[in-house]
1. Determine ³J(HN,Hα), in whole Hz, for all residues of segment 214-226 in sequence, where each value follows from phi through the Karplus function 6.51 cos²θ - 1.76 cosθ + 1.60 and θ = phi - 60°; x replaces Gly and Pro.
2. Which value results when the Cα radius of gyration for segment 428-468 is divided by 2.2 N^0.38 Å?
3. Please give the solvent-accessible surface of residue 247 in Å², to the nearest 10, using a probe radius of 1.4 Å with every protein chain present.
4. Can you sort 371, 158 by solvent-accessible area, 1.4 Å probe, largest first?
5. Enter the accessible area of residue 501 (Å², nearest 10), with the probe set to 1.4 Å and all protein chains included.
6. Would you mind checking which residues have amide H under 5 Å from residue 233's amide H? H placed 1.01 Å from N; only 5 or more apart, or other chain.
7. Distance in nm between label sites at residue 348 and residue 475, each 7 Å beyond Cα in the beta-carbon direction?
8. Assign one of three labels to segment 310-421, namely rounded, prolate or oblate, based on the Cα gyration tensor with a ≥ b ≥ c the square roots of its eigenvalues; rounded applies when a/c is under 1.5, prolate when it is not and a/b is larger than b/c, and oblate otherwise.
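The values are calculated or read from the model by the stated rules, or taken from the named source; none is laboratory data. Since we're looking at a predicted model, the values are computed, not measured. Virtual Cβ from ideal backbone geometry, glycine too; neighbours counted across all protein chains shown. All accessible areas refer to the heavy atoms of the entire protein, side chains included, with ligands and DNA or RNA removed. Shrake-Rupley method; radii C 1.70, N 1.55, O 1.52, S 1.80 Å.
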Amino acid sequence: MDVSGGSGQPRSGNDEPAEPRAHPTAPAADPTGPAERRPGETSGQPPATPDEPGRAAPTGKPDPDTDGESDTDARPKPPSDSRRAPDPSAPTEPSGTTEPSAPHGPAEPREPAAGPRHAAHHAGTDAPRHRTEAHTEGTGGPGRPPQRRPEPGGGLLMGRPFGVPVYVAPSWFLVAVLITWVFGGQLDRVLPELGAARYLVSLFFAIAFYASVLVHELAHTVAALRFKLPVRRIQLQFFGGVSEIEKEAETPGREFVLAFVGPLLSLVLSGVFYAALLPVEPDSVPGVLLAGLMVSNLIVAAFNLLPGLPLDGGRMLRAVVWKLTGKPMSGTIAAAWVGRALAIAVLIGLPLLTQSLGSDAADDVGMDTVMDALLAAILAAIIWTGAGNSLRMARLREHLPELRARALTRRAVPVQADTPLSEALRRANASGARALVVVDADGTPASLVREAAIVGVPEHRRPWVPVSTLAQDLTDGMRVSAELSGEELLDALRANPATEYLVVEETGEIYGVLSAADVERAFVKAMARPS
């Protein structure tokens, strides 16, 4: 019986952000750092420049890029929505405004990561999926608050061993039917006396086989938990299983162990089934089942040990090259290209191998050959795609350190709660700031004025609207250190979804305000650059 592997497909977003539009009502600033006053500028009306997408047009004058049109999508949102933020590790289209940026943030990189869900392993008909993707948190579109990431799902929840949810995807039922049909045909030749009952035996075999796939995945999961790596879920699907491990191993040694334990458990299971087969009559139902499970697990182990991504053997090769060169990216490149070579070998070699091992009878050539070629094409496509995804996610990890809170933070102006919005915006424009922080009488920050709320207030009403009515109360999770960068920064934003965050120095002093949309734009630009 042929046993094959599957691979994960981390999502990747757009390579280029949409060109932002300047908005006539926003405080002006450069999104990558504090805006500086230039000689000849008048206070309150910093000029808009085409090479600075975060700088707004002068107040009261139409933006030449938009022909005076305003962003109709940017309207005040309910406070409950304003607390939602996207996953900063994956891009979506940026907002159409360049004033305090629209309250949407990066979404997960589309298909085929994880910002950083790093390793996911396939087993069974198993190909380990090395998946570096971010948490999926959708967005509501330009100018709308993003939606919170849903709880892990993907099928029927079967349990939570070691606290990790295990799901059976709908595609598993399709492959269970396929295994039942194929194995039932084999049983008809070996045990014809079973009759129609052979399909019940075959169904039991399909369930037992996927139980061994689950053991393979649990081996990856236990190793990951041992190394303090969070595991999001285990999913049994069409071509095996996947353990979604949300961070990458810190050392090549741990990476090797994490990849090797899956095939090792499959080899152990194969040995267990072989030992159980010895005292059993080979031509009996238990004998046929044990022999099938022994061979299946042996094939799973052998297939996963092939040295190319996204297979476990590819991750082991990556760990070896990483150890020799000291560069994880070099290991990824080597293992990914070996994986692509394996994909070509499977596409060409698998049909030739199965044909050479089969009967020479003329009636064996036909449907079986077509099925072998189809299986080879599916496996080759999975391996090729997985290898490419591994390269793409490695590039993401390589560029993650470029996301630094200090560089992305906007200059902020402190204002009292009863300050009219028009006066607050005048002060922001005069100082080249792009964010407003509401402080109490002692100067302690109490809330952040939401950008979406500013956009939604007509200009003629701004002198009568106090900033406190547009502000979101600060929580502990909305305070981030100016020293955060890369994955630590993304983790902090994911843990406390919001559209804006107060960035503070280690001394507690206000450094500025960080917008999730600015993180998105920086993420997209980083991903667009070659490694």
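1. After applying 6.51 cos²θ - 1.76 cosθ + 1.60, I find 4, 4, 4, 5, 5, 4, 4, 5, 4, 5, 5, 5, 5 Hz.
2. Working: Rg = 11.3 Å, N = 41, 2.2 N^0.38 = 9.0 Å.
Compared with the compact-globule rule of thumb, segment 428-468 sits at 1.25.
3. 80 Å²
4. Ranked list, largest accessible area first: 158, 371.
5. Rounded to the nearest 10, that gives 0 Å².
6. Answer set, sorted by chain and number: 244.
7. Result for the modelled spin labels: 5.7 nm.
8. On the way: a/c = 7.04, a/b = 2.56, b/c = 2.75.
Note, shape of segment 310-421 comes out oblate.
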